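Below is one structure; the comments refer to it alone.
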């Protein structure tokens with residue numbers, strides 16, 4: 001992540017998160033620990049990203065895959081305001097993703 005921030009001319013992120021998951025020593029987790037969700041079985045994750053974002057470019061999106069290697073990454077032709085410029089595409093991705101990962105619970 002430091003390389004991404006440095007390439008964008010931004011200061012390094014603070015190193016206040018520890019890595020107890022086998023990640024590089026001192027490297028902050030991009031995805032916070034969630035109580036009740038084991039690190040070995042993260043929930044299904046969809047990442048919709050605008051790689052033309054000057055603050056968080058494509059490399060930042062790919063960095064999330066370090067903490068969530070099974071995440072589904074979609075790079076759309078947009079930037080930081082992806083929902084403003086590509087709402088229909090993002091909604092279609094979210095609907096498709098939820099259709100595939102949502103488990104219907106039996107009615108009581």
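Please find the FRET efficiency linking residue 98 to residue 52, where r is the Cβ-Cβ separation and R0 is fixed at 25 Å, and quote it to the nearest 0.05.
Values: r = 26 Å, r/R0 = 1.05.
For R0 = 25 Å, the calculated efficiency reads 0.45.
Each of 81, 49 was scored by other Cβ atoms within 10 Å of its Cβ. Arranged with the fewest first, they read 81, 49.
Just subtract the alpha-carbon distance of residue 62 and residue 80 from 0.36 nm times their residue separation and send over the number in nm, one decimal.
Working: separation 18, 0.36 × 18 = 6.48 nm, distance 1.52 nm.
Full extension of this stretch gives 5.0 nm more.
Is region 45-108 best put as rounded, prolate or oblate by its Cα gyration tensor, with a ≥ b ≥ c the root eigenvalues, rounded for a/c under 1.5, and otherwise prolate when a/b is larger than b/c, oblate when not? Note, shape of region 45-108 comes out oblate.
We did not get these values from a lab; they are worked out from the coordinates using the rules stated. None of the values given here were measured: they were computed from a predicted structure. Positions of Cβ are generated from backbone atoms using ideal geometry, with glycine treated the same way; all protein chains shown enter the neighbour counts.
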